[in-house]
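Worksheet: the structure to be examined is printed underneath.
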Number of protein chains: 2
Amino acid sequence: MMSFQEELNAKVAQIEQVIGKFLPPEEGYQKVVLEAMNYSVLAGGKRLRPMLMKETYELFGGMGKEIEPFMAAIEMIHTYSLVHDDLPAMDDDEYRRGRKTTHVVYGEAFGILAGDALLNFAFETMLKAVPIHTDEPEHLRVEQLLGLAKAMEVMARKAGIYGMIGGQTADIEAEKMSEISKEQLLFIHENKTAALIQAAMMTGAILAGAGVGEVERIEKCAYNIGVAFQIQDDILDITGTMEDLGKPIGSDEKNGKQTYVTLNGLENSKLQVEKLSREAVEILESFAGDSGFLKKLIVSLIDRNK
Amino acid sequence: MMSFQEELNAKVAQIEQVIGKFLPPEEGYQKVVLEAMNYSVLAGGKRLRPMLMKETYELFGGMGKEIEPFMAAIEMIHTYSLVHDDLPAMDDDEYRRGRKTTHVVYGEAFGILAGDALLNFAFETMLKAVPIHTDEPEHLRVEQLLGLAKAMEVMARKAGIYGMIGGQTADIEAEKMSEISKEQLLFIHENKTAALIQAAMMTGAILAGAGVGEVERIEKCAYNIGVAFQIQDDILDITGTMEDLGKPIGSDEKNGKQTYVTLNGLENSKLQVEKLSREAVEILESFAGDSGFLKKLIVSLIDRNK
């Protein structure tokens, strides 16, 4: 029997094959932006969002191919947000995952353009799931087209001003403030991190034909996963060892950064992570499908020491 | 009878009302990015793309409301491209239409984020045309949903790496080269300028139910308009008076910039503008609908002295 890590690695390899199918060929007068896009997407990473999408799709019995463009699209959206975050005017990061960041390699103008291009191409890619060029439109069903539109709507909303971009904005604003409320911090965690996890899992559920109530429970489950992941980040900044984290511990405290831990205390934070994580697993167990791997994945994300 | 200018002004006012309906309210923890978005969109401008979209829609008999979110969306896409173009790493412009550019007012980070937010929100807005939350999906028709998907596909493609972003990329690349080919220059004009005009007019035609052949002729018509407009720009840089243009004439030549005129000569350039413009009008006249205003609009765009 495969270990969790072996199973995880095999799934990552499959996902990277899917993503690769949708990346643009590097040719034409616009070649450099295509190279910058592919460089950014192929920089590695856990492929967590497409994985959560596919696992949730299968949990609800999904067996088609229409999930694939959405898996590639969510990774493009996640990647564009990293490329723009790394820009000099934002976090000014020169390295990510041991490689030079996109704007360092291709220049700042193409860092901006490659990010724009990835966001735009994410929607082009999702639209490939719609059988637009069919000769026999009468064979299509209204429910099928509505499902694709609903999935796109969730992706767009959770990536935008009422999702990820909203969270990034509130985060930048918070850095300028001497005090923030617990409510504002939760808004940041919910939108900056949880929103794209929600988009991933909700899209998987919607495309598999899950009902409205089921999609709502998946939204709650994904919220818990995203927020628990962020609180665990804050906890590890206090309790982690420098060796495990690969960065100085206590850096949040030193920078005067307000985190879930500074606002709620270490014990309450640990209890909250446990509660959110347990609820997420309970929600998954309430569905009839096999959520074995998904549960292990969630626990590995939250119950970690780095 | 209203003059063309009066008619134009009245239409611009109507379009600005439509756009205003789809802009986000400025509230919540992400307020600043919403303000930056609205500041950018409300900076004025000719509203040319939504106007071409609506006029083409009506040319093909369109009478519904589903065009409105697309009109707002194309202006959001056009605006985000200007906001990002103005950034220090791109053209580094401090003023646009007499107002400070977005990054000057809100800072560079929010210049980047507001552009991202507008691009993303353009897709959220288009998706509002899809009756996703209907209780009676059986009343929807497959053709209706396919039309919306086709319009979104054209918008996404023409805005992206095989459209506007592709043209911007080739333009930045061309600036570094001592010589460019006529083919590359046409690629830039076609994609940087004509592509969004194509998106506008094709979307109008598709949503009004035009056939595949009609949409193709509209695509050609919009190509001609966009390319003629750009060549006219190059011509005016040589022949215009400084007073008309509000900028130094001959600036392209002085900067060593290669333009349609430097590559093809002034006389050939004028002939080409005339040819493209005449063909565009002929295409419009080949349709049964009333293209009176549209023809005047096109002539005013191309046959100008500033």
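Criterion applied to B:Asp93, B:Asp86 was being free of Cβ contacts under 8 Å to residues at least 60 places away in the same chain, surrounded by 17 or more Cβ atoms within 10 Å (Cβ to Cβ) and closer than 21 Å to B:Gly111 by Cα, and the one residue passing it is B:Asp86.
Does A:Ile132 satisfy the condition of being within 7 Å of chain B (Cβ to nearest Cβ) and under 17 Å from A:Asp85 (Cβ atoms)? No; evaluated as a whole, the condition is false for this residue.
Taking segment A:65-111, which residues are assigned to a helix (DSSP H, G or I), within 26 Å of A:Ile197 (Cβ to Cβ) and of a type in the set (A, V, I, L, M)? Of everything in segment A:65-111, those that are assigned to a helix (DSSP H, G or I), within 26 Å of A:Ile197 (Cβ to Cβ) and of a type in the set (A, V, I, L, M) turn out to be A:Ile67, A:Met71, A:Ala72, A:Ala73, A:Ile74, A:Met76, A:Ile77, A:Leu82, A:Val83. Only residues that are modelled with pLDDT of 95 or more and crowded, with 16+ Cβ neighbours inside 10 Å were counted across segment B:280-294, and they come to 7.
Inside segment B:195-206, residues that are farther than 22 Å from A:Phe110 by Cβ and within 14 Å of chain A (Cβ to nearest Cβ) make up a count of 4. Restricting attention to segment A:227-242, does a residue exist that is within 14 Å of another protein chain (Cβ to nearest Cβ) and of a type outside the set (Ser, Thr, Tyr)? So far as segment A:227-242 goes, no, none of its residues is within 14 Å of another protein chain (Cβ to nearest Cβ) and of a type outside the set (Ser, Thr, Tyr). If the condition is being crowded, with 20+ Cβ neighbours inside 10 Å and more than 16 Å from B:Ile67 (Cα to Cα), then segment B:2-28 contributes only B:Pro24.
Condition check ((1) touching a Phe, Trp or Tyr at 6+ places or on another chain (Cβ under 8 Å); (2) surrounded by fewer than 24 Cβ atoms within 10 Å (Cβ to Cβ)) across all residues:
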residue: B:Gln144; (1), (2): no, yes
residue: B:Ala149; (1), (2): no, yes
residue: B:Arg157; (1), (2): no, yes
residue: B:Glu173; (1), (2): yes, yes
residue: B:Met177; (1), (2): no, yes
residue: B:Ser181; (1), (2): no, yes
residue: B:Ala199; (1), (2): no, no
residue: B:Gly204; (1), (2): yes, no
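Take the conditions (1) in contact (Cβ under 8 Å) with a residue 24 or more places away in the chain; (2) within 14 Å of chain B (Cβ to nearest Cβ); A:Glu214 misses just one of them, which is (2).
Condition test on A:Ala114, is it in a helix (DSSP H, G or I), within 29 Å of B:Ala89 (Cα to Cα), more than 15 Å from the chain's Cα centre (by Cα) and not hydroxyl-bearing (Ser, Thr, Tyr)? Yes. Taking segment B:135-162 as the range and being more than 9 Å from chain A (Cβ to nearest Cβ) and either basic (Lys, Arg) or under 16 Å from the mean Cα position of the chain (by Cα) (or both) as the test, the residues that pass are B:Ala151, B:Val154, B:Lys158. Looking only at segment A:102-126, count how many residues are within 7 Å of chain B (Cβ to nearest Cβ), free of Cβ contacts under 8 Å to residues at least 12 places away in the same chain and surrounded by fewer than 24 Cβ atoms within 10 Å (Cβ to Cβ). Going through segment A:102-126 one residue at a time, the tally reaches 1.
A count restricted to segment A:29-64 and to residues that are crowded, with 17+ Cβ neighbours inside 10 Å, outside any helix (DSSP H, G or I) and either touching a Leu at 6+ places or on another chain (Cβ under 8 Å) or within 14 Å of chain B (Cβ to nearest Cβ) (or both) stands at 3. Of note, A:Gly204 does not satisfy the criterion of being on the phi > 0 side of the Ramachandran plot and modelled with pLDDT of 95 or more. Of all residues in segment A:175-194, none are small (Gly, Ala, Ser), within 9 Å of another protein chain (Cβ to nearest Cβ) and on the phi < 0 side of the Ramachandran plot.
The values are calculated or read from the model by the stated rules, or taken from the named source; none is laboratory data. A quick note: this is a predicted structure, and the numbers were derived from the prediction, not measured. Backbone-built Cβ (ideal geometry, glycine too); neighbour counts: all protein chains shown.
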